[in-house]
1. Hey, fewest Cβ within 10 Å first, where do 124, 14, 109 land in order?
2. Which of 46, 105, 88 comes first, and how do the rest follow, when ranked by fewest Cβ neighbours within 10 Å?
3. How much length, in nm to one decimal, is gained on full extension between residue 120 and residue 17, taken as 0.36 nm per residue of separation minus their Cα-Cα distance?
4. Using a Förster radius of 25 Å, what is the FRET efficiency between residue 66 and residue 33 based on their Cβ-Cβ separation? Nearest 0.05, please.
5. Sorting 99, 36 on the 10 Å Cβ count, fewest up front, what's the list?
């Protein structure tokens, strides 16, 4: 991993192990949360799909609306969790590739601010390129 040795210098290098630990723990937490309301799509093994909420009783005709509503709630929650899960996986991949901490906006070669990484270790852009502040 020569790129990692040249890119990770100084303070960022000291914090990489800490960020990796935080991201790995978050990944595990998210997988547990995702598994509690969904399952991996058996067709691709990557995406998640919602499961109906368990009611603990045999459904009757009157419960159908509640079951559908519970499923829709799970779908919405799952979508949010999956978005964060993918961001965490991408950050862990950037650590492995040696590009973690670099702003991903095309043409930019500067580092993401340490305060931003401390607030969100999965961040892929600097403060100046947050959505709505310069596009990206």
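1. Final ranking by Cβ density, sparse to dense: 109, 14, 124.
2. By the 10 Å Cβ count, ascending: 46, 105, 88.
3. On the way: separation 103, 0.36 × 103 = 37.08 nm, distance 1.49 nm.
Extra length from residue 120 to residue 17 when fully extended: 35.6 nm.
4. Working: r = 22 Å, r/R0 = 0.88.
Calculated value: 0.70.
5. Details: 99 15, 36 12.
Least to most surrounded, the residues fall as 36, 99.
Throughout, read-outs are computed from the coordinates displayed, never taken from laboratory work. Computed from a predicted structure; not experimentally measured. Please note: Cβ atoms are built from the backbone with ideal geometry, for glycine as well, and neighbour counts cover all protein chains shown.
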